[in-house]
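Each remark here refers to the structure printed beneath this line.
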Amino acid sequence: MTKKDDKYDWASIDHVIDPEHYVNYLNTATAIDSFQSYKKETYSLLNLREGSSVLDVGCGAGDDVLALAKIVGSKGRVVGIDNADTMINEARKRIKGAVTQIEFQVKDAHDLDFGNNTFDGCRADRVLQHLEKPKQALSEMIRIVRPGSRIVISEPDWETLVVDMPKRYLTRRILNYFCDKCRRSH
Ligand SMILES: C[S@@+](CC[C@H](N)C(=O)[O-])C[C@H]1O[C@@H](n2cnc3c(N)ncnc32)[C@H](O)[C@@H]1O
């Protein structure tokens, strides 16, 4: 298969020329204070307790799974799924020393392949925008959580992104790029 030289194809990272670029991007983004802050809010909205089980859909390099593991403790279970081997391999390297039951699996968000009512919570952070059929993925997320559980989904609104710099032409080009390229058009 010919590899794609695309720096923004989150749907099929394993098929681009430089998959490590995507891991590096996530490392940089996750370290930003504002990212840390909204991510913490998504954990809290899940309303998890010690011993809860939770699924992170499109878990990327797995940092959110590790954070969730601290919340649910040694009796809990946290599973991260991602359709990219590159991400799951990277995430598995980061588990070392964790006491919670953590699993990373290569799976497609459109077909979660877990039984009905398996988890006490489910999240997807900046994933649905990249999916061919986000409604199908959402139905799957609803199916695999127990009744009364929470599902937390976070996505950026690219159309309201603000770039504060004096070069108007370049600013417009950057904003248009993000709006047009950083998500699928549904
Ligand atoms: C922008 S990253 C976000 C990663 C992680 N949720 C985070 O916040 O750091 C999008 C992730 O979704 C994954 N992804 C894209 N399409 C997917 C699919 N059909 N099924 C599962 N994961 C998918 C990508 O491989 C990537 O790791």
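The values are calculated or read from the model by the stated rules, or taken from the named source; none is laboratory data. This is a predicted model, so every value here is computed, not measured. Every residue, glycine as well, gets a Cβ built from its backbone with ideal geometry; the counts of neighbours run over all protein chains shown.
A few points about this structure:
- Only one entry in 102, 144 is farther than 28 Å from residue 34 by Cα, out of contact with any Lys or Arg (no Cβ under 7 Å at 6 or more places or on another chain) and among the hydrophobic types (A, V, I, L, M, F, W, C), namely 144.
- Residues that are without any contact (Cβ under 8 Å) to a residue 60 or more places away in the chain and either β-branched (Val, Ile, Thr) or not assigned by TED's automatic domain parsing to the domain that holds residue 58 (or both) were ranked within the stretch 95-144; the one that is farthest from residue 56 (Cα to Cα) is 99.
- Filter result (more than 15 Å from the chain's Cα centre (by Cα) and small (Gly, Ala, Ser)) within the stretch 101-145: 115, 139
- Tally, over the stretch 146-156, of residues that are without any contact (Cβ under 8 Å) to a residue 60 or more places away in the chain and surrounded by 10 or more Cβ atoms within 10 Å (Cβ to Cβ): 6
- Test for residue 145: is it hydrophobic (A, V, I, L, M, F, W, C), touching a strand residue (DSSP E or B) at 6+ places or on another chain (Cβ under 9 Å) and over 29 Å from residue 18 (Cβ atoms): yes
- Check on residue 78, modelled with pLDDT under 95, out of contact with any Lys or Arg (no Cβ under 6 Å at 6 or more places or on another chain) and of a type in the set (A, V, I, L, M): no
To keep it simple, each residue is scored yes or no on (1) over 17 Å from residue 81 (Cβ atoms); (2) within 16 Å of the ligand (Cβ to nearest atom); (3) surrounded by fewer than 18 Cβ atoms within 10 Å (Cβ to Cβ).
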residue: 109; (1), (2), (3): no, yes, no
residue: 121; (1), (2), (3): no, yes, no
residue: 125; (1), (2), (3): no, yes, no
residue: 135; (1), (2), (3): yes, yes, yes
residue: 158; (1), (2), (3): yes, yes, yes
residue: 165; (1), (2), (3): yes, no, yes
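- Criterion: surrounded by 13 or more Cβ atoms within 10 Å (Cβ to Cβ), out of contact with any Gly (no Cβ under 8 Å at 6 or more places or on another chain) and over 21 Å from residue 150 (Cβ atoms) - qualifying residue of 33, 85, 14: 14
- Checked across the stretch 156-165, the condition of being under 21 Å from the mean Cα position of the chain (by Cα) and under 25 Å from residue 54 (Cβ atoms) holds for at least one residue.
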